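The values are calculated or read from the model by the stated rules, or taken from the named source; none is laboratory data. Computed from a prediction, not measured in an experiment: that's the story for all the values here. Methodologically, a virtual Cβ is constructed for each residue, glycine included, from the backbone with ideal geometry; neighbour enumeration extends over all protein chains shown. Please note that ligands, DNA and RNA were not included when accessible areas were found on the heavy atoms of the full protein model with its side chains. Shrake-Rupley method; radii C 1.70, N 1.55, O 1.52, S 1.80 Å.
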Amino acid sequence: RGRGDLWRWGVNAAVDPVVTRWKRDEHGTPIERSGLFVLEFLAIKKGEVWSIPGMFVKEGMTYDNIREKMYNKVFPIANEENLEEDVA
């Protein structure tokens with residue numbers, strides 16, 4: 001019992017949005033590999049670690065507060081210098 005690895009006692013609500021799209025060629029046609037469509041997703045890089053953007057929700061936060069904080073967390077780093085595409 002106790003709080004374990006979480007940052008506070010009690011409920012620790014979190015928001016982890018998963019943003020996806022089908023990868024497409026220059027003509028807008030979905031790309032296939034081995035008969036399956038290729039799915040792309042949004043990830044952020046902190047140092048050497050890649051992760052899905054997310055955050056803990058503090059008590060009393062509204063939807064608008066959460067949306068604004070998530071947007072500010074993800075998009076200031078999403079400029080052309082910091083974007084990397086993993087081509088497998």
| message | Return the residues of the stretch 49-71 that are exposed (fewer than 15 other Cβ atoms within 10 Å of the Cβ), under 14 Å from Pro17 (Cα atoms) and without any contact (Cβ under 8 Å) to a residue 24 or more places away in the chain; say none if nothing qualifies. | response | Ser51, Tyr63, Arg67, Glu68, Tyr71
| field | Residue that is farthest from Val11 (Cα to Cα), among those in the stretch 29-72 that are at pLDDT 90 or above and among the aromatic types (Phe, Trp, Tyr) | value | Phe37
| Can you pull out the residues in the stretch 27-48 that are touching a Phe, Trp or Tyr at 6+ places or on another chain (Cβ under 8 Å) and open to solvent by 70 Å² or more (accessible area, probe 1.4 Å)? | Phe37, Leu39
| query | List the pairs whose first member sits in the stretch 26-41 and is without any contact (Cβ under 8 Å) to a residue 60 or more places away in the chain, whose second member is open to solvent by 100 Å² or more (accessible area, probe 1.4 Å) and not β-branched (Val, Ile, Thr), and whose Cβ atoms are under 6 Å apart, counting only residues at least 6 apart or on separate chains? | reply | Pro30/Trp22; Pro30/Arg24; Pro30/Phe37; Phe37/Trp22; Glu40/Arg21
